[in-house]
1. Do we find that S130 is more than 26 Å from A65 (Cβ to Cβ) and in contact with a helix residue (DSSP H, G or I) (Cβ under 6 Å, 6 or more places away or on another chain) in this structure?
2. Is there any pair with a first residue in segment 157-169 that is under 20 Å from L132 (Cα atoms) and a second that is in a helix (DSSP H, G or I) and open to solvent by 50 Å² or more (accessible area, probe 1.4 Å) whose Cβ atoms are under 8 Å apart and which are 6 or more apart or on different chains, and what are they?
3. If S94 satisfies every condition in (1) among the hydroxyl-bearing types (S, T, Y); (2) over 20 Å from G147 (Cβ atoms); (3) touching a residue at least 24 places away in the same chain (Cβ under 8 Å) but one, which is the exception?
4. If you scan segment 99-147, which residues turn out to be over 25 Å from N77 (Cβ atoms) and open to solvent by less than 40 Å² (accessible area, probe 1.4 Å)?
5. So in segment 51-98, with the set limited to residues that are among the polar types (S, T, N, Q) and modelled with pLDDT under 85, which one is least open to solvent (accessible area, probe 1.4 Å)?
6. Can you pull out every residue in segment 156-174 that is open to solvent by less than 40 Å² (accessible area, probe 1.4 Å) and over 28 Å from L75 (Cα atoms)?
Amino acid sequence: LDLHAGEPGLGGIADPIAVAVLEGDAGDLGRRGRTGEQGCEEPGESMPHGAPRNGDPYTPGRARAVRRNAIATLLHNVFGIERLRDGQRRVIDSVLDGSDTLAIMPTGSGKSLCYQIPARIFPGTTIVVSPLISLMKDQLEKLVELGIGATQVNSSLSREEEEDALEGISSGRY
């Protein structure tokens, strides 16, 4: 992993590259649909983590129910939210389906949950690229308060802080 923060831009408010890293640990409940993914029954077909493998047929309806339950549980227990806003479900489902997703949403519409929920569901590390250091700092504080492993890499960090963040990313701490 080789990430380097860019020079400060816009008076130090934004960076050409600013990276937030989130840890996922809720199991693979998405339907990635990529050949070679763990849990794939056939190329291009996958089963959610924890889906029955004892002859009980995998059904898309069951997978959707498992996914919706996982999302509802995360919303309530981790984020303290009772329901998604308009548009969030479609974006989250698209990401969990393994589709390339572009979501253009107005300020305050809950874009952050659109990557935070999949980051908690997919195993491993999620990298979020953002042009705004202030937003990254705000998101990082909230994620750490929620007990979600996260870090940032941008020009506001000292060289030592950047190296520690990159080492944490490489070692799987985040």
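The values are calculated or read from the model by the stated rules, or taken from the named source; none is laboratory data. Since the structure is predicted, the reported quantities are computational estimates derived from the model, not experimental observations. Cβ coordinates were reconstructed from backbone atoms using ideal geometry, including for glycine residues, and neighbour counts include every protein chain displayed. Remember, those area values only see protein heavy atoms, side chains included, never the ligands or the DNA or RNA. Shrake-Rupley method; radii C 1.70, N 1.55, O 1.52, S 1.80 Å.
1. yes
2. none
3. Tallying (1) among the hydroxyl-bearing types (S, T, Y); (2) over 20 Å from G147 (Cβ atoms); (3) touching a residue at least 24 places away in the same chain (Cβ under 8 Å), S94 fails exactly one: (3).
4. Those that are over 25 Å from N77 (Cβ atoms) and open to solvent by less than 40 Å² (accessible area, probe 1.4 Å): S130, I133.
5. My answer is T59.
6. L157, E162, L166 - these are the residues of segment 156-174 that are open to solvent by less than 40 Å² (accessible area, probe 1.4 Å) and over 28 Å from L75 (Cα atoms).
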